[in-house]
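Structure first, commentary second.
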Amino acid sequence: MSFIMYNWVSILIPFFIGIYRYKHLDKSLRLFLYFVIYGTANEIVSRIVIQYGLITYDGETNTQPLSHLYLMLEFLLLGFFYSHVLKDIINKRLMIILIISFEVYCIINTLFLQSVFLYPAVPLALSRIFLVGFSLLFFYKIMTEARILKLWKEPLIFLNLAVLIYYSGILFYSLLFNLILDYSREFAKITNYYYAGLNTLFYVLVAIGFWKSDR
């Protein structure tokens, strides 16, 4: 089985496990599942666009318009997830203001500051800084409350660990992607394996989290 197939399997497993165990998921887990469902749909659409060249720019297939949309919906869905799990330490109204402000910034960036056909490096990096910060706050909350006796049995631990590892791991990748692309297309393709590896680990941890729900 090729590396790309392994990556696809890792994406589909949490999708099907989440759907199968939906009735066992609490509100926070369901919010995360909605993000996984959207992520899976985005991967499928991206593959179709690449396969059939549905979006082109300068004579080449270009999926960056999907990246701009994904960025906005990713932060929206994960933002609502963290507004729920961090409601005891962050004011929910403040979280909503932060989410709306980021979405407005993304819209302004897409319409006036950057071409929709270019990789949104700065907005992506900013969103990942916020998400890493949210994940660290969640672990801080877990440690200070000390209510969970066996961390490896708590689904949210695996979901939050997935967010922390993945988004901290691709932070500099996001910032440097345009420079990498200008330097060498071949080297950019190699770095995609690094991204795909982190993506696979992310979905494996999410699958474990969904499977441990109500167990």
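Specify which of the listed residues (24, 68) is within 15 Å of the chain's Cα centre (by Cα) and either open to solvent by less than 80 Å² (accessible area, probe 1.4 Å) or within 30 Å of residue 144 (Cα to Cα) (or both).
On the way: 24 fails: within 15 Å of the chain's Cα centre (by Cα).
None of the other options fit; the residue is 68.
Looking for something out of contact with any Phe, Trp or Tyr (no Cβ under 8 Å at 6 or more places or on another chain), of a type in the set (S, T, N, Q) and under 19 Å from residue 167 (Cβ atoms) - is there at least one such residue anywhere in segment 74-94?
For segment 74-94, residues out of contact with any Phe, Trp or Tyr (no Cβ under 8 Å at 6 or more places or on another chain), of a type in the set (S, T, N, Q) and under 19 Å from residue 167 (Cβ atoms): present.
Checking residue 122 against (1) at pLDDT below 90; (2) under 23 Å from residue 192 (Cα atoms); (3) part of a loop (DSSP other than H, G, I, E, B), which single condition isn't satisfied?
Only one criterion is unmet by residue 122, namely (3).
Go through the residues of segment 139-156 one by one and say whether even a single one is open to solvent by less than 60 Å² (accessible area, probe 1.4 Å) and among the small types (Gly, Ala, Ser).
no
Need pairs with beta-carbon distance below 9 Å; first residue within 23 Å of residue 13 (Cα to Cα) and within segment 38-56, second modelled with pLDDT of 90 or more and open to solvent by 80 Å² or more (accessible area, probe 1.4 Å); sequence gap 6+ or separate chains.
42/69
With respect to residue 101, is the statement that it is surrounded by fewer than 15 Cβ atoms within 10 Å (Cβ to Cβ) and either of a type in the set (Gly, Ala, Ser) or in contact with a helix residue (DSSP H, G or I) (Cβ under 8 Å, 6 or more places away or on another chain) (or both) true?
Here the answer is yes, as residue 101 does meet what is asked.
Cβ contacts < 7 Å: first residue within 11 Å of residue 137 (Cα to Cα), restricted to segment 72-98; second residue among the small types (Gly, Ala, Ser) and surrounded by 12 or more Cβ atoms within 10 Å (Cβ to Cβ), any location; separation 6+ or different chain. Result?
85/28
Out of 132, 122, 163, 116, which single residue is touching a residue at least 24 places away in the same chain (Cβ under 8 Å), touching a Ser or Thr at 6+ places or on another chain (Cβ under 9 Å) and buried (at least 20 other Cβ atoms within 10 Å of the Cβ)? Break it down into steps so the answer makes sense when it comes.
On the way: 132 fails: buried (at least 20 other Cβ atoms within 10 Å of the Cβ); 122 fails: buried (at least 20 other Cβ atoms within 10 Å of the Cβ); 116 fails: buried (at least 20 other Cβ atoms within 10 Å of the Cβ).
Exactly one residue qualifies, and that residue is 163.
Which of the residues belonging to segment 136-150 are touching a helix residue (DSSP H, G or I) at 6+ places or on another chain (Cβ under 9 Å), without any contact (Cβ under 8 Å) to a residue 40 or more places away in the chain and either under 17 Å from residue 29 (Cα atoms) or not in a helix (DSSP H, G or I) (or both)? First the steps, then the outcome.
Keep residues of segment 136-150 that are touching a helix residue (DSSP H, G or I) at 6+ places or on another chain (Cβ under 9 Å), which gives 136-139, 141-142, 148.
Next cut, without any contact (Cβ under 8 Å) to a residue 40 or more places away in the chain only: 136, 139, 142, 148.
Those that are touching a helix residue (DSSP H, G or I) at 6+ places or on another chain (Cβ under 9 Å), without any contact (Cβ under 8 Å) to a residue 40 or more places away in the chain and either under 17 Å from residue 29 (Cα atoms) or not in a helix (DSSP H, G or I) (or both): 139, 142, 148.
The values are calculated or read from the model by the stated rules, or taken from the named source; none is laboratory data. Computed from a predicted model, the values in this text were never measured in an experiment. Backbone-built Cβ (ideal geometry, glycine too); neighbour counts: all protein chains shown. For accessibility, only protein heavy atoms count, side chains too; no ligands or nucleic acids. Shrake-Rupley method; radii C 1.70, N 1.55, O 1.52, S 1.80 Å.
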